[in-house]
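Here's the structure, in structure tokens; my notes come after.
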Amino acid sequence: MSPDIKKRKVKKLATNRKLGRTTDIRMAMLKTLTTDLIMYGKVETTLARAKEVKAIADSLIALAIKEKDNFEEVDVKVVKAKLDSKGNKVTELVKSKNGKEYLKVVKEETTEKRQKDMPSRLNARRKIMRKINKVIDSEGKNVDLPAKLFNEIAPKYAGKNVGGYTRILRVGPRRGDGAEVAILQLV
């Protein structure tokens with residue numbers, strides 16, 4: 001072999017589908033689809049998008065399975081407002097230094113057991129948060145999707161071999177443009 005043949009570099013192919021979108025729009029779309037898959041357990045989209053989301057979702061679930069038990073229980077002091085029987089905050093009348101009176105909320109201190117992530121689980125949580133969106137439910141409260149992955153989804157797949165946590169079911173062509181539609185769901 002001649003020396004110049006050894007020095008040639010092979011051009012690498014793209015590792016992901018472009019889906020006819022610019023990078024930022026494509027990443028946002030995949031993030032949204034992945035979030036919906038984790039939140040609801042299934043999502044209907046085109047076949048190409050489903051294949052891309054499947055790879056992302058499988059990697060997130062594998063990461064959650066690896067780190068699901070990597071935490072410790074700690075006692076945390078919590079200061080909360082004292083509530084009456086109706087659920088309203090209890091207040092007391094207090095005098096300030098300059099002689100004016102005002103209402104002050106009565107606080108009570110308790111200790112609670114909470115989970116404290118170990119460093120590798122914290123890193124896994126941050127990786128997961130990079131791949132999914134923050135979600136707010138109908139009541140306006142934040143939904144903790146990494147916790148859902150660690151506490152609900154990961155234990156379900158714990159005994160399973162590596163990969164294969166999602167399934168793609170082909171539905172057929174879409175009526176408007178004939179694009180191949182598929183349902184991506186958690187197995």
Filtering region 79-122 down to residues that are under 30 Å from Pro146 (Cα atoms), in contact with a strand residue (DSSP E or B) (Cβ under 6 Å, 6 or more places away or on another chain) and surrounded by fewer than 11 Cβ atoms within 10 Å (Cβ to Cβ) yields Val79, Glu109, Thr110, Thr111, Glu112, Lys113
By residue number, the members of region 121-162 that are hydrophobic (A, V, I, L, M, F, W, C) and either free of Cβ contacts under 8 Å to residues at least 40 places away in the same chain or closer than 9 Å to Ala64 by Cα (or both) are Leu122, Ala124, Ile128, Met129, Ile136, Ala147, Leu149, Phe150, Ile153, Ala154
From the option list Ala154, Ala147, Ala182, single residue qualifying as in contact with a helix residue (DSSP H, G or I) (Cβ under 6 Å, 6 or more places away or on another chain), aliphatic (A, V, I, L, M), in the same structural domain as Ala57 (by TED's automatic domain parsing) and modelled with pLDDT under 95 is Ala154
Original post:
Do we have any residue at all in region 104-116 that's closer than 30 Å to Leu33 by Cα and of a type in the set (Lys, Arg)?
Top reply: yes
Residue count, region 20-39, condition within 18 Å of Asn133 (Cβ to Cβ) and either modelled with pLDDT under 95 or among the aliphatic types (A, V, I, L, M) (or both), comes to 11
If you go through Glu73, Glu92, Glu152, Glu108, the only one that is more than 30 Å from Arg49 (Cβ to Cβ), under 24 Å from the mean Cα position of the chain (by Cα) and not β-branched (Val, Ile, Thr) is Glu73
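The values are calculated or read from the model by the stated rules, or taken from the named source; none is laboratory data. Predicted, not measured: the structure shown is a model, and the values here were computed from it. In this analysis, Cβ positions are derived from the backbone assuming ideal geometry, glycine residues included, and neighbour counts consider all displayed protein chains.
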